[in-house]
Amino acid sequence: MLTILDNIHVSVKPGESVAITGPSGSGKSTLLGLLAGLDVPTSGDIILDGESFSSLDEDLRAARRGALCAFVFQSFHLVGDLTAEENVMLPLELRGDKNAATEARMWLDRVGLKQRTHHFPGQLSGGEQQRVALARAFALKPRLLFADEPTGSLDHANGQHISDMLFELNREQQTALVLVTHDPILAARCERQLHLEAGRLHA
């Protein structure tokens, strides 16, 4: 049997920022998927907000994840035939927020995209698309934000801008931040760094 992650114990406090680093293939994205309830561990448990997460069925995990968590990915994961505003509105509407349009416009303005609300992802630069993804994540006011290589596909200037906003919003909303990155400069901005090597975590 292949063991990807071995005897890992990690906890994240409210408002804390934690970087997970390590070489390619070390299991960083697998660990993130487990923490987010996208995957289920073969043994052990994931505790989210004091309650077992991994023991829930897929539908209940999705509901709990939607209520408490948000995501920012390297590849943005925007819906191509929706405008920037509609992309930010989508998760708000799915949870029944009646002020989704107002919230979406407010967050797009906050990330500097007030003039781009009606543009489609294909009409936006990579940095602008990642800002839409940030607006979409923080509009949900999550307790916990997972970021997988959030600046990995951006040039240095855009990457710096995105990381600045990520930590600014993290401080303001006291959202716990767990990010996977190969970038030592980005990792150093976190309060805590964990290094994953051969399936084991090291502080």
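Quick look at the numbers
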{"quantity": "Sorted peptide list for 46-57, 125-136, 21-32, criterion being average Cβ within 10 angstrom, highest first", "calculated": "125-136, 21-32, 46-57"}
{"quantity": "Where labels lie 7 Å past Cα in the beta-carbon direction, separation of residue 58 and residue 153 in nm", "calculated": "2.5"}
{"quantity": "Mean Kyte hydropathy of 1.0 or more with a Cα span along the axis of at least 27 Å, helices from DSSP in the chain", "calculated": "none"}
{"quantity": "Prolate/oblate/rounded label for region 1-79 (Cα gyration tensor, a/c 1.5)", "calculated": "rounded"}
{"quantity": "Proximal lysines to residue 28, defined as alpha-carbon separation beneath 22 angstrom and excluding residues fewer than eight positions away on the same chain", "calculated": "13"}
{"quantity": "Pairwise FRET efficiency - residue 171 versus residue 118, Cβ, R0 = 22 Å, nearest 0.05", "calculated": "0.15"}
{"quantity": "Carbon and sulfur %, accessible surface of the chain computed with the full protein complex present, 1.4 Å", "calculated": "52"}
{"quantity": "Helical mean residue ellipticity (222 nm; -39500 (n - 2.57) per DSSP H run of 4+; nearest 500) of the chain", "calculated": "-11500 deg cm²/dmol"}
{"quantity": "Solvent exposure of the chain as accessible area per residue, Å², 1.4 Å probe", "calculated": "52"}
{"quantity": "Among 181-190, 82-91, 58-67, the order from most to least packed when residues are scored by Cβ within 10 Å on average", "calculated": "82-91, 181-190, 58-67"}
{"quantity": "Region 1-146: relative contact order in percent, alpha carbon pairs under 8 Å with at least 6 residues between", "calculated": "25"}
{"quantity": "Sorted peptide list for 69-76, 96-103, criterion being average Cβ within 10 angstrom, highest first", "calculated": "69-76, 96-103"}
{"quantity": "Cα gyration tensor shape for region 45-203, rounded if a/c is under 1.5, else prolate or oblate", "calculated": "oblate"}
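The values are calculated or read from the model by the stated rules, or taken from the named source; none is laboratory data. Computed from a prediction, not measured in an experiment: that's the story for all the values here. Using ideal geometry, Cβ is built from the backbone for each residue, glycine included, and neighbour counts are taken over all protein chains shown. When the accessible area is computed, the model is the full protein with side chains, heavy atoms only, and any ligands, DNA or RNA have been set aside. Shrake-Rupley method; radii C 1.70, N 1.55, O 1.52, S 1.80 Å.
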